[in-house]
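Here the structure comes first, spelled out in structure tokens, and everything after it is commentary.
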Amino acid sequence: MNPKNENVPKAADIPTITPEMVEETNIEIAKRRAGIPGSPLKNIADAPCPVCGLQSVSFVDDLVFEVVLTGERIVIPNLSGIRCSSCGDFAFDAVSSKIIDEHTGNKPAGGYECRISTVGAGKLGMYFPKDVLRVMEITKKVKAIVTPLSRRKMIVELYPE
Ligand SMILES: [Zn+2]
């Protein structure tokens, strides 16, 4: 019994990422980074955290992006951005966001069904399924910016309140 062995697939329907695939992604990211100027966040160290308030936000280059789309699990390691060493809140920088977009942008999202119901006073509320909370690590009060793209599509961006 080795609880740290993450190579053992937990669910058969989630494709396993092999070390070769991770290495391939690392090489790909290194290629993309070559010629791109360094992150503008590079000099950030011990900045105040918008979530916990401590002076512990610094530049990091070991962030991991993980998402499950239709029949596919995407894991992108070694991304740069900033992270709070106290509460763990993090944000990807522009270069990393671009890399994430390139790997996920043209893929159909699996999508989660959310119920929209009346919450009183003529307002409607949307309830996020537990899976969404887990994948996006939503545990605290956040502010959401909603951008309607059409009558059927919208982007929801979350920010710490
Ligand atoms: Zn913090």
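Annotations for the structure displayed:
- Some residue of region 38-46 being at pLDDT 85 or above and part of a strand (DSSP E or B): no
- Near pairs, Cβ below 8 angstrom, 6+ apart or cross-chain, from region 77-102 (farther than 17 Å from residue 139 by Cα) to any residue that is acidic (Asp, Glu) and not in a strand (DSSP E or B): 80/93; 81/93; 82/93
- Exactly one residue out of 130, 123, 140 is among the basic types (Lys, Arg) and at pLDDT below 80, and it is 140.
- Within region 78-117, tally of residues that are buried (at least 16 other Cβ atoms within 10 Å of the Cβ), more than 20 Å from residue 144 (Cβ to Cβ) and out of contact with any Cys (no Cβ under 6 Å at 6 or more places or on another chain): 11
- Residue selected from region 56-77 under the condition assigned to a strand (DSSP E or B) and loosely packed, with under 13 Cβ neighbours inside 10 Å, by the criterion farthest from the ligand (Cβ to nearest atom): 66
- Scope region 143-154; condition among the aliphatic types (A, V, I, L, M) and either farther than 22 Å from residue 91 by Cα or at pLDDT below 80 (or both); matching residues: 149, 154
- Residues being surrounded by 10 or more Cβ atoms within 10 Å (Cβ to Cβ) and in a strand (DSSP E or B) - total across region 118-144: 6
- Any hit, region 80-103, residues being out of contact with any strand residue (DSSP E or B) (no Cβ under 7 Å at 6 or more places or on another chain) and more than 26 Å from residue 23 (Cα to Cα): yes
The values are calculated or read from the model by the stated rules, or taken from the named source; none is laboratory data. Keep in mind the model is a prediction, meaning the values are calculated, not measured. Note: ideal-geometry Cβ built from the backbone for every residue, glycine included; neighbour counts use all protein chains shown.
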